[in-house]
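S.K.: Pasting a structure below so you can have a look.
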Amino acid sequence: MGCPQSLDYTSIFAWDRRELTQKQIDVLQRHGIDLALIRDRGHATVIISSLFNYLEHEAASEKQKRYCRFLGHPNPWQLTKPEAGRWIAEHLLTRSELT
C-alpha cells in the first residue's frame, strides 16, 4: 500500500492501544487488508486514513476518461476517480434535463 507512516507507527494515547472497532474491521476487510497486520485501534486509524487518501487521489479509469471525453470534458486524462464520477453524474443530469 506504500504508507511509510504505518510502518513506523507507535501508540501514543491510551485509546490508540485499544482493540479495533467493528467499523474499522469492516473497512479493513472490505479493502482486503489482513487484520493480523494491524496492531491496535490507532494503527488501524493510520492505515484507514492512508487508504482513503489513496482512493481520493486514484486516477480515473480509462473507461471514465473516455466517457468524460465523450461528454465534452476539456481534459479528462488528468481526472481522479472521484472527480470523474462527479463530472459524469453532473453532465448526465444536465443531459437528462435537456431531453
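Every number here is computed from the coordinates shown, using simple stated rules; none is lab data. Please read all numbers here as calculations on a predicted model, not as lab measurements. As a convention, Cβ positions derive from the backbone with ideal geometry for all residues, glycine included, and neighbour counts pool all protein chains shown.
S.K.: Give me the compactness ratio for the range 4-57, meaning the Cα radius of gyration over 2.2 N^0.38 Å.
M.R.: Working: Rg = 10.7 Å, N = 54, 2.2 N^0.38 = 10.0 Å.
Dividing the Cα radius of gyration by 2.2 N^0.38 Å gives 1.06.
S.K.: Report the label-to-label distance for K23 and S49 in nanometres (one decimal), using points 7 Å from each Cα along the Cα→Cβ vector.
M.R.: Computed distance between label sites K23 and S49 equals 1.6 nm.
S.K.: Which of the lysines could be linked to K81 by a straight reach, that is with a Cα gap under 22 Å, when you skip same-chain ones fewer than 8 residues away?
M.R.: Counting by Cα, and skipping residues close in sequence, K81 has these lysines nearby: K63, K65.
S.K.: Oh, and also: Which net charge results when you count Lys and Arg as +1 and Asp and Glu as -1 among the other residues whose beta-carbon is under 14 Å from that of V27?
M.R.: Taking every Cβ under 14 Å from that of V27, the sum is +1.
S.K.: Another question, then. Which FRET efficiency, nearest 0.05, do L35 and H57 yield, Cβ-Cβ r, R0 22 Å?
M.R.: 0.30
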